[in-house]
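The values are calculated or read from the model by the stated rules, or taken from the named source; none is laboratory data. Note that the coordinates shown come from a computational prediction; the quantities given were computed from them, not determined experimentally. We place every Cβ from the backbone using ideal geometry, glycine too, and count neighbours over all the protein chains shown. Note: accessible area is taken over every heavy atom of the protein model, side chains too, but ligands, DNA and RNA are not part of it. Shrake-Rupley method; radii C 1.70, N 1.55, O 1.52, S 1.80 Å.
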Amino acid sequence: MEITLKNVKHAVFMSQETECFEASVYINGKKAGTVSNAGHGGCNDYHPWDLYQTLQAHCDTIPPDMEGYRVTPDEIIGNLFETWYNKKQYSKLCKGQTLFRIPGKEYGEGQWNVAKIPFSPEVRSRLVRQFGASVEILNERV
C-alpha cells in the first residue's frame with residue numbers, strides 16, 4: 001500500500017507538544033481523506049473515520065518490532081510528515097549552495113560541509129573527483 005501526504009499545511013506557531021498540521025492522505029494515488037493534529041500533544045484526527053480504519057488494517061499486516069510493538073496509523077502519518085518537513089528544510093538549506101559530507105568523516109545530526117556555490121552537475125563531478133564516488137550530497141535528495 002502506497003500512502004502519501006499532499007497539501008500539507010504546517011502551523012509552526014501553534015505547535016506545542018506535537019506538530020500542528022493538516023494534510024490530504026492519498027492511498028495508492030487516490031485521495032482517501034484528511035489528517036490533522038492540533039499540536040497539543042494528542043493523537044491525529046482522521047476524516048473520514050474509514051481512513052483511520054484503512055490505515056489500521058494496513059498496520060495489522062506489518063509484523064511487530066523486536067520488542068513486540070506494532071506500528072500505528074499515527075506513526076505512519078508522523079513519519080510521512082517528518083519526511084515532508086525535512087525535505088522542505090533541506091530545500092531551504094540548499095538554495096544557492098551545495099551541502100555535502102566527506103566519506104569517512106564523522107558528522108553530527110544536521111551537520112554538512114557547505115560550498116557557497118549553487119549545485120550543478122559540474123559541482124557534483126568536482127566533489128566526486130576530490131572526495132570519491134561515495135561523497136554524500138544533500139542537494140541530490142531534494
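The table for this structure:
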read-out: Filter result for the condition that a residue is under 23 Å from the mean Cα position of the chain (by Cα), assigned to a helix (DSSP H, G or I) and either within 25 Å of HIS10 (Cα to Cα) or not small (Gly, Ala, Ser) (or both), over LEU80, LEU99, LEU127; value: LEU80
read-out: Number of the condition not met by ALA23 [criteria: (1) in a helix (DSSP H, G or I); (2) touching a residue at least 24 places away in the same chain (Cβ under 8 Å); (3) surrounded by 13 or more Cβ atoms within 10 Å (Cβ to Cβ)]; value: (1)
read-out: Failed item in (1) touching a strand residue (DSSP E or B) at 6+ places or on another chain (Cβ under 6 Å); (2) within 21 Å of ASN86 (Cβ to Cβ); (3) in contact (Cβ under 8 Å) with a residue 24 or more places away in the chain, with ASN113 passing the rest; value: (3)
read-out: Test for GLY96: is it surrounded by fewer than 13 Cβ atoms within 10 Å (Cβ to Cβ) and either within 30 Å of ALA133 (Cβ to Cβ) or touching a residue at least 60 places away in the same chain (Cβ under 8 Å) (or both); value: yes
read-out: Every residue from segment 130-142 that is open to solvent by 30 Å² or more (accessible area, probe 1.4 Å), part of a loop (DSSP other than H, G, I, E, B) and either more than 21 Å from TYR85 (Cα to Cα) or charged (D, E, K, R) (or both); value: ALA133, SER134, ARG141
read-out: Enumeration of residues in segment 28-85 that are β-branched (Val, Ile, Thr), out of contact with any Cys (no Cβ under 9 Å at 6 or more places or on another chain), under 27 Å from VAL142 (Cα atoms) and at pLDDT 95 or above; value: THR34, VAL35, ILE77
read-out: Of the criteria (1) over 27 Å from GLN89 (Cα atoms); (2) open to solvent by less than 60 Å² (accessible area, probe 1.4 Å); (3) part of a helix (DSSP H, G or I), which one ILE62 fails; value: (3)
